[in-house]
Amino acid sequence: MREFVGKYLKGDPYIWFVVFALSIYGILAVYSSIGALAYTDRGGNTEYYLIKHVALLVFGLFTMWLTHMVNIQYFSRIAQLMLILAIPLLIYTLIFGVEINDARRWVMLPGIGLTVQTSDFAKLALVAFVARFMSKHQGEVHDFKKTLLPILGVILLVCLLIFPEDFSTSAVLFMTSMLVLFLGRIPLKQIGLLVLIGVMVLGSAFAYVMTSDVQFGRIATMKSRIEAFSSGSDDGGTYQSRQAKIAVARGGFTGRGIGRSRQKNVLPSPFADFIYAIIIEEYGSIMGGLALLVLYILLLYRSFRIVLRSENSLAALMAIGLAFSLVVQALINMGVAVNLLPVTGLALPIVSRGGTSILFVSIAFGIILSASRTIYPEGEDAKV
């Protein structure tokens, strides 16, 4: 068994453990929480959605395995092409995108009827591009005009294109990009200036939509959610927040038991945006809530070890950038479920139900694992 794992599952075994553990949580939680949707659309056939989710997850894991077998340097070559493709896709999505649940974040692939959330692809493309850019300009990090302004322009362009339909993703992406720039050895003074410029641009856009009557994209929904959360109500001011809070309270420390959630029948998107609340209700705060949090923190910790130990700057920056974006997304999802943050619509990576979301998250994990291979020679065991 150990020889099989060493031969076919390369890279950091702790990250592989995180992937498989999150996958198991996801399968169990999705199957438990899909009942209402199955009753509405499939006459109560929950097995249909279970098989579909498992198939998507298996395909995602296979994609992850293929990706982790690729030398990290190849991603440097395709990062630029990915970004060149991502920008027009985001523009197309804003204008002609498919609207689902009052959000225009998807494009329909012609011929097969599959929808793709372009912001997921853009997030992957931008982080990879920023890591590539910084790895190639290590000797020019002090040149503000030649190095920093161009990359800041690219970051702000992508974030602003995502902003109208998905403010939370644009914010996570901006923070991730700043972290990659910082770890790319840009001086703190210049990082501070970049952050100031970025906050002024994104903050101005945020202030404008919060104080105006503009109805473009999901701006009206974003305003209502923020206003409801900031109203001071104990339940977050929205129906989703109230039901999620009830689910968390019912779960307590030990949980109600697998498949015994009650709130899954009344909570909107219990298999996606609020799956963390259902997991706490069924598994409890310890085996559900805390265990998932530890898994994501473990992913971030192992990725930081790549930064500290790898001599390959591209591998280090890609690993920490992608891991940071995944973990922050997970923390936001958890924060929404326990009423610490306003409702956002971000999924829980690997755990939540979703097609293209699982695919792009799997590719991100594959790149992180490929990067981890630069510090673990063939046959060497990972150390804590």
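The numbers here are math on the coordinates, done by the rules we state, and not lab data. Remember, predicted model here, so these are calculated numbers, not experimental data. Ideal geometry is used to build each Cβ from the backbone, glycine not excepted, and the neighbour counts take in all protein chains shown.
Full extension of the chain segment joining LEU290 with LEU157 gains 44.2 nm, where the gain is 0.36 nm per residue of separation less the Cα-Cα distance. Here ASN71 and GLN138 are evaluated by their C-beta separation; at R0 = 22 Å the FRET efficiency comes out at 0.65.
Between THR115 and ILE197, the modelled label-to-label distance comes to 3.6 nm, taking each label 7 Å out from Cα in the direction of the beta carbon. A straight chain from ALA55 to ARG262 at 0.36 nm per residue would run longer than the Cα-Cα distance by 71.8 nm. Binning the alpha carbon pair distances of the range 1-82 at 5 angstrom intervals from zero yields the distribution 3, 12, 17, 17, 14, 13, 10, 8, 6, 1, expressed in whole percent.
What does the net charge come to around VAL58 if you take all other residues with beta carbon closer than 15 Å to its beta carbon, with K and R at +1 and D and E at -1? Net charge in that neighbourhood comes out at +2. With 0.36 nm allotted per residue and the present C-alpha distance subtracted, the PHE182-ILE27 stretch has 52.1 nm of extension available.
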